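Here the structure is laid out as C-alpha cells; the discussion comes afterwards.
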C-alpha cells in the first residue's frame, strides 16, 4: 500500500468516495467551526446563575409586585402603604368596559368569573374586542388605546397575571382543558417574571460580555438560547409557573440560529466550491485520479482559514 493509500485509510476514505462532499465533511467545514467559538465551560456556570437569579427574583417579588395591582396590605408600614397606594392609583382601571363582559362570559361558560374573566373577554391585544370597547368608552382612539394598554399593564401585576396574546382564539379549549390555577401558571404573563428576566439579563450581559460577541459568532446564539432556557427553568422551579416570554424568546433565538446556520452553510459551501474549482483549473485534465484529489484535499485543509468570512 503506497503512502497515499495509507493516508486515505487513516481518514476513512475510499478512492471512489473522495468527493467534494467528503472533503467538506471530513475536514470540519461546518457552521460551528467557521462561525466562531463555541460555549466554554465557564459559560455554563454563568448560564446556571441566570436561572438562579431569575428563580430567586421571581419568588422574592411574587408578593411585592402584586400590591401594585391590589394595593398595600394591612401589614405594610406607613411609607410602604403610601408607595403601593400611589402606584395602584396610577394603574387603577376600576369601572372599565371589559371586566364586566368577561365576568358574564365566564358565568355563561360555567367558569369561576373571578378566575376566568380576563380569558373570557377583552384582555387579548391581538383581538379587537378590547380595543373597541375602550375606544368607544373613552370617546377617542388615542385616549381609548392608552387606557386599554394601561389596563393590560396593570393586570400583569395581578397574582393571576395577564393572559398571553392570542389566547382569545382558544378560550373555549382553555376553559375545558385546564383549571384556573393551571391557566394562571402556564398561560399568563406576570410582572414578577418580567422583572426576574430583566435582572438575570443584566447579569448575563455583564458576565458573558454579550455585547462584545460578534453577530457572526455561533456562541452568541448558543448563549441566548441557553440563558432563556435557564431562566425558564429557574422561574418554574421556584414558582411552579412557566414564563411565556422566555418560551417566546427561546423560539425567536432558535429561529435566528437556524437562519444563521443556513446562511453560513451556504457561504461556506460556495467558498469551498470556488477553491475546489480553482485547484481543478490548474490541471490540464479534470482531476479523476484519487491521488490528485487527495492532494486537493490537503490543499483545502491547509488553506481552510481562507474560507473564514469577514
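Multiplying the residue separation of residue 256 and residue 146 by 0.36 nm and removing their Cα-Cα distance gives an extension gain of 36.4 nm. Applying 1/(1 + (r/R0)^6) with R0 = 35 Å to the Cβ-Cβ distance of residue 136 and residue 112 gives a FRET efficiency near 0.80. Each peptide in 181-191, 224-234 receives the mean, over its residues, of other Cβ atoms within 10 Å, and ordering these scores from highest gives 224-234, 181-191. Multiplying the residue separation of residue 173 and residue 159 by 0.36 nm and subtracting their alpha-carbon distance yields 2.8 nm.
With all pairs of different C-alpha atoms in the average, the Kirkwood value for the hydrodynamic radius of region 89-193 is 13.7 Å. Sorting the segments 54-62, 109-117 by their mean number of nearby beta carbons within 10 angstrom, highest to lowest, gives 54-62, 109-117.
Only the coordinates and a few stated rules stand behind these numbers; no lab work does. All figures in this text were calculated on a predicted structure; none of them were measured in a lab. Because the Cβ atoms are built from the backbone with ideal geometry, glycine has one as well, and the counts that use them run over all protein chains shown.
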